[in-house]
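This report refers to the structure that appears directly beneath it.
The values are calculated or read from the model by the stated rules, or taken from the named source; none is laboratory data. Here the structure is a predicted model, which is why all the values come from computation and not from measurement. Here the Cβ positions follow ideal geometry from the backbone for every residue, glycine too, while neighbour counts run over all protein chains shown. Please note that ligands, DNA and RNA were not included when accessible areas were found on the heavy atoms of the full protein model with its side chains. Shrake-Rupley method; radii C 1.70, N 1.55, O 1.52, S 1.80 Å.
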Amino acid sequence: MNKTRTGAAAACVTVVLWASAFVSIRSAGAHYSPGSLALGRLLAGAVVLGVICAVRREGWPPRAAWRGILMSGVLWFGLYMVVLNWGEQQVDAGTAALVVNIGPILMALLSARFLGDPLPPRLLAGMAVSFAGAVAVGLSMTGDGSASVVGVALCVIAAISYACGVVAQKPALGSASALQVTTFGCAIGAVACLPLAGQLVHDAARAPASATLNVLYLGVFPTALAFTTWAYALARTTASRMGATTYAVPALVVLMSWLVLDEVPGLVTLCGGALCLAGVAVARSRPRDVVEPAPAPVPSGKER
């Protein structure tokens, strides 16, 4: 039970910090290009995680974990961050939110196919309710209804890379710690983005201090901390259930934009956010009539 509670707490930390990332990306994205923003975020996260790993003497992950770490590092930490930043510059925030939110659905299907994760009715129902809420939030944020084909395609790529990265990460957590998987995945993502270093130097030299601080915030909290708590929670549940949890992000983004950016949400947006949270609650709930089997008796020395 304690592991379940700590895993749920870790998932909550992840969701809150990932929601806050949307506010910071909106601010930093005005002064940093998609690639330089991703690289700056990953470098900051890799430095913080590397120091923590060194202090804790985590060492290198075992060989069995490297395949998942490499795949998640390239697909999720690297490709996803660059493509999502790029896509959000091509389409409005509502369209981006709608398209990227197919990620958890893809994650559930992929984890069922490759990891053997179950798809219980409550999970599917909860995801359907949350996706409906995400659609409502996205539509309420959409402006004139026009969207760049390139932008939509980039958001689709982001959703696919996100889902594939998580499914690849799950087996690695069976032989490596959450901190190891996150640290080396972040470092691999940063290395994959190094060709964009010139753009990062160019943007950093011209960006105001507030934008650069937002990049550092993204690296330390939504990346270093939130990806570690995500991996910690993922190691204690299924990828499909964790994917459903991320549907709470749109609801929190609405609330944070209201409080921080003074963007007053409309009735449709508020209802959509409530649906997102309700769906997450349903997806993570368990049937009350399921009784856990009693532990098998431990044979004593006298028994044959």
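Divide the volume of the convex hull of the Cα atoms of region 22-62 by its number of residues and quote the answer in cubic angstrom per residue.
93 Å³
Carbon and sulfur together cover what percent of the accessible area of region 100-250 at a 1.4 Å probe radius?
Here it works out to 73 percent.
Region 196-254 to region 1-78: how many Å between their Cα centroids?
Here the two parts' Cα centres lie 6 Å apart.
Which of the peptides 183-190, 103-110 is most tightly packed, and how do the rest follow, judged by the mean count of other Cβ atoms within 10 Å per residue?
The densest-packed peptide leads the list: 183-190, 103-110.
Which of the peptides 80-90, 62-72 is most tightly packed, and how do the rest follow, going by the mean number of other Cβ atoms within 10 Å of each residue?
Ranking, from highest mean packing down: 80-90, 62-72.
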